[in-house]
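Here the structure comes first, spelled out in structure tokens, and everything after it is commentary.
The values are calculated or read from the model by the stated rules, or taken from the named source; none is laboratory data. Every value quoted in this text rests on a predicted model; they were computed, and no experiment measured them. Glycine also receives a Cβ, built like all others from the backbone with ideal geometry; neighbour counts cover every protein chain displayed. Each accessible area value is taken on the protein alone, full model and side chains, heavy atoms only, with ligands, DNA and RNA left out. Shrake-Rupley method; radii C 1.70, N 1.55, O 1.52, S 1.80 Å.
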Amino acid sequence: MNENLKDLAKTIVNSLEKNKDTLKKQFLESSLEVGVRYCYLDQLLPEKTAYEIFESFPKKEEMRKMSSFREEKYTSKNFDQFNPILADITFAIQDPKVISIVEEITGIKNQIPDSTLYAGGLSLMEKDNFLNPHIDNSHEQTRMYYRTLNLLYYVTPDWKLDYGGNLELWDKKVNKNVTIVSKFNRLVIMETNPWSWHSVSPVVVEKQRVCVSNYYFSADSPIGEPYFNVTSFNGRPNQKIRRMYSYFDGKLRNFIRYLFPKGIGKVDVYHGKKQ
């Protein structure tokens, strides 16, 4: 593990530890809002470091465009092409000591990081980009581990609520939501289970919102019993036709994945030895 990654992990642990009691309380009490537990911490890193991460983000032309009725955004996992700090911050959030303090905050034990970046990496959204309400796929590619938490680190300076591009958590019927602003230097921790519907509101300004995404997994089911689902989308409350289309789309994709599993072998679990 390189020194910069070590330093970032240490800083994250210190920030979480200092605010642990507040975060634990927020995570617990948030379940009363829409039923999805979450918490967030501002000023995760020194401001200078957060700016460096932002300024190192790749251009959209260097990323993969995701475009469908479900989402419009850009993503990348090709860290070898970019400033090393982007890989460092990603894998710092996967450090065992960070995982340990996150387990204390959330009460969710036996978590492992997404070392292969099956679901994590970098994302960028510009004007008119969006991510419709969805529940994440329940497992990583081998189906041995359940997805338990999303950790989203936002680094666009001066991002405001009315810019759009904000995280939305929904109730089980996708009728009511709570919005978490994609604020600069903010880390959001949210649980993942069969009803943790979430989305990103459309960006409405000529600016780019960027995010470092990480996911934790566990051999233990978040709901105490086995389940499986692919990433399943829904429409917003005013999108009746898209809701109907999304319903049948999700059923079909679940059926296909049931018949033809993608994963083989065991996931490469990261234990802090990545160079």
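Can you list the residues of the range 173-212 with backbone N under 15 Å from a point 7 Å past the Cα of Lys127, pointing along Cα to Cβ?
Only 202-209 pass the distance filter.
So what does Trp195 come to for accessible area, using a 1.4 Å probe and Å² rounded to 10?
80
For the peptides 22-34, 136-148, what is the packing order when you average, over each peptide's residues, the other Cβ atoms within 10 Å and list the highest mean first?
136-148, 22-34
How much accessible area does Ile93 have with a 1.4 Å probe, in Å² rounded to the nearest 10?
0
Tell me, in nm to one decimal, what length is gained between Lys97 and Tyr51 on full extension, where the rule is 0.36 nm per residue of separation less the Cα-Cα distance?
14.2 nm
Which of Lys65/Lys176; Lys25/Lys65; Lys73/Lys173 have a Cα-Cα distance over 31 Å?
Pairs exceeding the cut-off: Lys25/Lys65.
If you add up the charges near Gly120, with Lys and Arg at +1 and Asp and Glu at -1, over every other residue whose beta carbon is less than 9 angstrom from its beta carbon, what do you get?
Details: positive: Lys77; negative: Asp114.
Value of the local net charge: 0.
For a quick check of understanding: with a 1.4 angstrom probe and all protein chains in place, what accessible area in square angstrom does Asp171 have, to the nearest ten?
That residue has around 40 Å² of solvent-accessible surface.
Apply 1/(1 + (r/R0)^6) to the Cβ-Cβ distance of Asn14 and Lys59, taking R0 = 45 Å, and write down the FRET efficiency to the nearest 0.05.
The computed FRET efficiency comes out at 0.90.
May I ask for the net charge around Ile85, where only other residues with Cβ less than 10 Å from the Cβ of Ile85 are counted and Lys, Arg are +1 while Asp, Glu are -1?
Value of the local net charge: -3.
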